[in-house]
Amino acid sequence: MKVRSKFLVGSAIIVTTLVCLAYVGYTQSKTYYHTITELSTLQGASLRQRMRVSGNVKNGTISHVPGSVDFVLTEQGKDLRVSYVGRDPLPDTFKDGAQALVEGKMMPDDRFEAEQVQAKCASKYEAAPGTPGSPQPGQTSNGADARSSGS
């Protein structure tokens, strides 16, 4: 075989390998967002895809078991059992009643296996409405209307 032919065959193998790796990486990184109520309508391959689901952590359902943390997400009266099997520690804001976004896939036993969990507790960071001393939108800290130009 000539040197030029060997070079072309080697180049073709490298390009084909790179294209295959790019395709596999793309398909494995795709995640679809679904609500808990939408999960019951999914069928077949779409049910086994990687997805994100959000809801509120149901009070009293967080349990630490060997190898995972189990809890229930709830949304509009629908519940979803979740097992977090990721390596990262759960966020500090992950607690009963917190909003959570889980990423993973549905298992055959109607349990969601999460590899990532993001949680937020909006009430912790929002100012209480009507708090004395806090300026309202459009006002300065002394209560004057910041929008008036004074003319």
The one condition Asp92 fails out of (1) more than 15 Å from His34 (Cβ to Cβ); (2) in contact (Cβ under 8 Å) with a residue 12 or more places away in the chain; (3) out of contact with any Lys or Arg (no Cβ under 7 Å at 6 or more places or on another chain) is (2)
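Kindly state which strands (runs of 3 or more DSSP E) lie completely within region 54-123 and contain at least 1 residues that are of a type outside the set (Val, Ile, Thr), surrounded by 13 or more Cβ atoms within 10 Å (Cβ to Cβ) and modelled with pLDDT of 85 or more.
Values: elements: 63-65, 68-75, 78-84, 99-106, 111-120.
Per the criteria, 68-75, 78-84, 99-106, 111-120.
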Does region 9-56 hold any residues that are farther than 19 Å from Met107 by Cβ, of a type in the set (A, V, I, L, M) and under 20 Å from the mean Cα position of the chain (by Cα), and which are they? none
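The values are calculated or read from the model by the stated rules, or taken from the named source; none is laboratory data. Being a predicted model, the structure only gives us computed values, none of them experimental. As a convention, Cβ positions derive from the backbone with ideal geometry for all residues, glycine included, and neighbour counts pool all protein chains shown.
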